[in-house]
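Here, each number is a calculation from the coordinates, and none is a lab measurement. Not measured: the values here are computed from a predicted model. Here the Cβ positions follow ideal geometry from the backbone for every residue, glycine too, while neighbour counts run over all protein chains shown.
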Amino acid sequence: MGPIFKIGPIIMKQDLTETAVRDALKSKWIGGHYQYLESTASTNDLLKEQVAAGSSSDPPAGTVILSDYQAQGRGRLDRRWEAPAGTSLLLSILFRPDWPPIQLHWLTMLAGLAVAKAIEVQTGLSISLKWPNDVVINREGVWQKVCGILLEGHVSAEQRLEYAVLGVGINVNIPAEMLPDTIRPATSLLIATGHAISRLTLLAEILQRLEQNYEMADRGKSPQPMWEQRLMTIGKRVEVNFTGKIDPILGTVEGTGEWGQLLVRDDHGHLHAIAAGDVRLSEVFL
């Protein structure tokens, strides 16, 4: 049995070990190979190392590595993301899709949809997505991040996706005073609901929905239309900032492209298909 954590007046058994997860899983192959760690630097890096090592123990598609604490957790643009031990869901999932590289970002869409729906089912909260890879909650008119997704892929010499590692970090039972210090407003499911949430139940729900979403995508059904419907930026006026010496774009979001580009009509009437950038909405970085 895992350690017991006290959150205010609430005491929850935080058991995410192999035995507990195996008994709770509703998915068929995602999570079939599951590794639990009390602490690691980065689950994404560890899973990539296992894939690179190869040999007869090469991890199969659906392998999940979960850690109760990540010393070097990160998000997009190498931003640090650190959560107190035992409070969050910090995991990485291995996929081996025989897809063209341009289709890689479908995995971000599939994961965002799975996480959003699973949280809604478990908590009753209304969940939205922020382009390109965040899961957010509107709390008193302010969009606050509750989950980040980090996708890393490897392309073969034949220009097909050889494998992809999908990292997911969800603030589940973090009290307000222990939230990571980030440039973007953050929250947790504990704060949003007022009570602790079972990480085990939420994990099983996410993996099942992710598996269902992936299998539909692997049969050719694009997640982009459903993903776009959940984006809170659609129809909003935004400022998009880029790394380097590229000037920001000011305009209105009109939708997304087939592969997830953000379509922004600037103030001069030009339509931009943005593949990567930081989006500012209502004077608050999201």
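The table that follows gives values for the structure above.
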{"read-out": "Longest to shortest principal axis, alpha-carbon extents of the stretch 86-195, angstrom", "value": "50, 26, 24"}
{"read-out": "Dipole magnitude of the stretch 133-176, debye to nearest 20 (Cβ charges: Lys/Arg +1, Asp/Glu -1, about Cα centre)", "value": "180 debye"}
{"read-out": "Ellipsoid equivalent to the chain - semi-axes via the Cα gyration tensor, in Å", "value": "29, 24, 17"}
{"read-out": "Mean projected area in nm² (Cα convex hull; one quarter of hull surface) for the stretch 102-143", "value": "3.0 nm²"}
{"read-out": "Expected-Rg normalisation [2.2 N^0.38 Å, Cα atoms] applied to the stretch 207-260", "value": "1.51"}
{"read-out": "H268-S222 pseudo-label distance in nm [points 7 Å out on the Cα-to-Cβ vector]", "value": "2.8 nm"}
{"read-out": "Hull-based mean projected area of the stretch 137-286, where the convex hull spans the alpha carbons, in square nanometres", "value": "11.7 nm²"}
{"read-out": "Theoretical gain in end-to-end length, A85 to V121 [0.36 nm per residue, Cα-Cα removed]", "value": "10.5 nm"}
{"read-out": "Length-normalised contact order for the stretch 97-220 - Cα pairs under 8 Å, 6+ apart - percent", "value": "26 percent"}
{"read-out": "Cβ-placed point charges (K, R +1; D, E -1), dipole of the chain about Cα centre in debye, nearest 20", "value": "460 debye"}
{"read-out": "For peptides 116-122, 19-25, sequence by mean Cβ density within 10 Å, most packed first", "value": "116-122, 19-25"}
